[in-house]
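Asker: Okay, here's the structure, questions in a sec.
What follows is calculated from the coordinates using simple rules that are stated; it is not laboratory data. In this text, all values refer to a predicted model and were calculated from it rather than measured experimentally. Here the Cβ positions follow ideal geometry from the backbone for every residue, glycine too, while neighbour counts run over all protein chains shown.
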Amino acid sequence: MTKQGKYVGLDVGGTTMKAAVVTDAGVPLSKPVVMDTNPERGQDEGLETMCETIRRAIGAANLTLADITAIGVATPGLMDIKAGLILDPPNLKPWKNVPVRDHIAKVFGKPTAYQNDANAAAYGEFWVGAARDAKSMVLFTLGTGVGGGIILGDVIVEGEHSHGGELGHMRIAMPDTGRQCGCGARGCLEAYASATNVVKRAREDMACWRGPASKLRDYYTATDDDFTAKVIFQHAAEGDELALKVVDDTAYYLALGACAAMATVDPEMIVFGGGMVGAGEWFRSKIDIYAKRYGLPFPTKKVKIAFASLGSDAGFIGTAGCAKLLMQKKV
């Protein structure tokens, strides 16, 4: 009987990192182990926290290191995937030029895959999530920013300079007059459709709103952390007209991103992930309607738009899947 592989997937974020052991079939063997990243403590401590998270994940699965076939690690921010380096990640300052892949491989003596966090999440959804029956897919991740990943067959489109799939920075508005993005440019999709910028747009709309009374005002103050994208979507679902405008505009912007992806890649599926997808089918259908209205006629009739199914587990599952891909390449 052929021995089944077991892969550790580690998903590193700016606040926490999460890891679990995953089987050949993409099934986690335990609940993920979560540890604080504490990037301000420096990259040496950060690397050790990564290693400890991996050790605890192996223990949580009642396994030993000898049982592990390979390890996958995903991180956010600027990176050199081929070299296995985090370069200058905004969410992990003051880390710089950190040799993540080689350090993990040396500590554990296991083949180690390294990947961008959004690419890893995309592969998770492709492998065992919403796109598990598709041959190709594009994932948009909607959070503080807008990330993305492109999968064609079993190939993750990394790009020559490790920046393939940076979908949040496609331009959907004029670069001289559009909204300013966190990257410094104007007109990026992220500047319109990230959860952070949904809130910013709602604040702006509220300031000039002349429609019916809106309950959103009960949540709004200039610095109130309770005024979130989740609150906006909840009020939209209840029929609040201002909230509905904000959500409808968001669906429109996301559809423009989807149309651009269809025209560029022509995938079988486009998947949206992140907190906003919790709004459900009514929001997905809005994106689909706008995509069919503004996209190229033929691909928009064929491409399926769906919401992600793995939630926050997509990262570590997809990263484990990247470790599996690494071992398949070695055969």
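Asker: Report the residue, chosen from 226, 133, 205, that carries the largest GNM mean-square fluctuation when the chain is represented by alpha-carbon nodes joined by springs under 10 Å.
Answerer: 226
Asker: Answer with one residue from 303, 19, 209: the one whose Cα lies farthest towards the positive end of the charge dipole of the chain, charges on Cβ with Lys, Arg +1 and Asp, Glu -1.
Answerer: The listed residue farthest towards the positive side: 303.
Asker: The range 59-110 to the range 1-40: how many Å between their Cα centroids?
Answerer: About 12 Å separates the Cα centre of the range 59-110 from the one of the range 1-40.
Asker: May I pose another question? Work from the charge dipole of the chain (Cβ charges, +1 for Lys and Arg, -1 for Asp and Glu, about the Cα centre) and give the residue of 312, 81, 68 farthest towards its positive end.
Answerer: The residue sitting farthest along the positive end of the dipole is 68.
Asker: Kindly provide the GluC sites (Glu not before Pro) of the range 90-174 that DSSP labels as loop, not H, G, I, E or B, and whose Cβ sees at most 12 other Cβ atoms within 10 Å.
Answerer: Qualifying residues, ordered by number: 160.
Asker: Let me make sure I get this right: for the chain, a, b and c are the square roots of the gyration tensor eigenvalues over alpha carbons, sorted descending. Under 1.5 in a/c it's rounded, otherwise prolate if a/b > b/c, else oblate. Which is it?
Answerer: Working: a/c = 1.93, a/b = 1.59, b/c = 1.21.
Prolate.
Asker: Would you work out the relative contact order for the range 223-331, in percent, from Cα pairs under 8 angstrom that are 6 or more residues apart? Mind dumping the intermediate values first?
Answerer: Numbers: 97 pairs, mean separation 30.1, N = 109.
So the answer I get is 28 percent.
Asker: Note down the relative contact order for the range 133-308 as a percent, whole number, built from C-alpha pairs under 8 angstrom at least six residues apart.
Answerer: It comes to 22 percent, rounded to a whole number.
Asker: Specify which residue in the list 111, 126, 5 is farthest towards the positive end of the charge dipole of the range 1-157, using unit charges on the beta carbon of Lys, Arg (+1) and Asp, Glu (-1), about the Cα centre.
Answerer: Positive-end residue among those listed: 5.
Asker: Which one, 164, 211, 178, has the greatest fluctuation when you compute a Gaussian network model over the chain with C-alpha springs under 10 angstrom?
Answerer: 211
Asker: Sort 262, 79 so that the residue with the fewest other Cβ atoms within 10 Å of its own Cβ comes first and the one with the most comes last.
Answerer: Taking fewest neighbouring Cβ atoms as first place, the list is 262, 79.
Asker: Give the shape of the range 133-308 as rounded, prolate or oblate, defined through the alpha-carbon gyration tensor: a ≥ b ≥ c are the square roots of its eigenvalues, a/c under 1.5 means rounded, and otherwise the shape is prolate if a/b is larger than b/c and oblate if not.
Answerer: prolate
Asker: If you don't mind, another one. Quick one, could you list the DSSP H helices from the chain stretching 15 Å or more along their long axis (Cα atoms) with average Kyte-Doolittle hydropathy of 1.0 or above?
Answerer: Sorted by number, the helices that extend far enough and score high enough are 241-265.
Asker: Before anything else, pin down the relative contact order of the chain: Cα pairs under 8 Å, at least 6 apart, normalised by residue count, whole percent.
Answerer: Worked out over the chain, it gives 20 percent.
Asker: Report the antiparallel proportion of the DSSP beta bridges in the range 133-308 as a percent, rounded to a multiple of 5.
Answerer: Beta bridges within the range 133-308, antiparallel portion: roughly 50 percent.
Asker: With the cut-off at 27 Å, tell me which of the pairs 6/82; 215/286; 301/330; 93/200; 215/302 have Cα atoms farther apart than that.
Answerer: Pairs exceeding 27 Å: 301/330; 215/302.
Asker: Can you list the residues, at least 5 places off or on another chain, whose amide H is less than 5 Å from the amide H of residue 6, using H built in the peptide plane?
Answerer: 69, 70
Asker: Counting only DSSP beta bridges with both residues in the chain, what percent are antiparallel, rounded to the nearest 5?
Answerer: Values: 26 of 46 bridges.
Here the share of antiparallel DSSP bridges comes out near 55 percent.
Asker: Also, quick follow-up: Where the only charges are on Cβ atoms (+1 Lys, Arg; -1 Asp, Glu), what is the dipole of the range 264-331 about its Cα centre, to the nearest 20 debye? Working shown, then result.
Answerer: Numbers: 10 positive and 5 negative charges, 42 e Å.
Magnitude of the dipole: close to 200 debye.
Asker: Can you give the charge dipole size of the range 133-308 about its Cα centre, rounded to the nearest 20 debye, using +1 on the beta carbon of Lys and Arg and -1 on the beta carbon of Asp and Glu? Spell out each step's value before the answer.
Answerer: On the way: 19 positive and 22 negative charges, 104 e Å.
Using Cβ point charges on Lys, Arg, Asp and Glu, the range 133-308 gives about 500 debye.
Asker: Could you work out which residue, out of 20, 121, 207, moves most in a Gaussian network model of the chain, that is, has the largest mean-square fluctuation with Cα springs under 10 Å?
Answerer: In this elastic network of the chain, the residue with the biggest mean-square fluctuation among 20, 121, 207 is 207.
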